Each structure stands twice: as C-alpha cells, then as structure tokens.
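All remarks here apply to the structure that follows.
The values are calculated or read from the model by the stated rules, or taken from the named source; none is laboratory data. All values reported here derive from a predicted model rather than from experimental measurement. For neighbour counting, all protein chains shown are included, and Cβ atoms are generated from backbone atoms with ideal geometry for every residue, glycine included.
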Amino acid sequence: MSDSISLREYIEKIIDEREKYHSLALSLASKEIERRLEALNELREEVTSDRAQFIKEDIYAARNKELDGWRNSVDKAIVRIDTKSSTWAVAIVIFVTIIQIALRFWK
C-alpha cells in the first residue's frame, strides 16, 4: 500500500503538471507570435521597397501631359505630311491626264 498517495498530493501533482504545460504552451505561443511578427516585418520591408519602385501620381500626370503634347504635335505633323502627299498625288494625276489629253489631240 505504499503506492497510494493522498488526494491532496494527487491534486497538487495535477496542478503542477497543468502549470508546467501552461508554461510550455505560453512559451510556444510566444515563439509563434514572435515568428509571425518577424514575417510581418519582412513583408513590411518588401512593401516599402516595392513602393519605392513606383512613380508618384503627380510626377506621372506631369510626364503624361508632356507626352500627350508631344504625341499631338507628331499627329499634326503626320496629317500635314499626308495632306501634302495626297495633294502631290492628285496634282500628278491631273498633270498626266492633261498630257494624255494633249497627246491625243496633237496627233
């Protein structure tokens, strides 16, 4: 009967084991929180780094306005060139037609 223990000792043993496992659980939870916080800090650094690679909206708007002006001037130049080309093509057709008519009547 030496294996028997009192109820008080049994309850104290259970309480001690419970405290031990609670401490272990708190330690593990603390380590997990620390790991997650470290991962979040790394993510924040990546986001900050990525953000630095983007152009600010006001700079983009100014540059885009400048490019729009350049594109409009190029479009106008192309229209002028097309108009001149069309004019010359019509003039050449008229000239060749007049020469054909003149040659026809000259014979």
Give all pairs with beta carbons closer than 9 Å in which a residue from segment 1-16 that is surrounded by 10 or more Cβ atoms within 10 Å (Cβ to Cβ) meets a residue that is modelled with pLDDT of 90 or more; count only pairs at least 6 apart in sequence or on separate chains.
I5/K13
Got a number for residues in segment 84-103 being at pLDDT 90 or above and not aliphatic (A, V, I, L, M)?
5
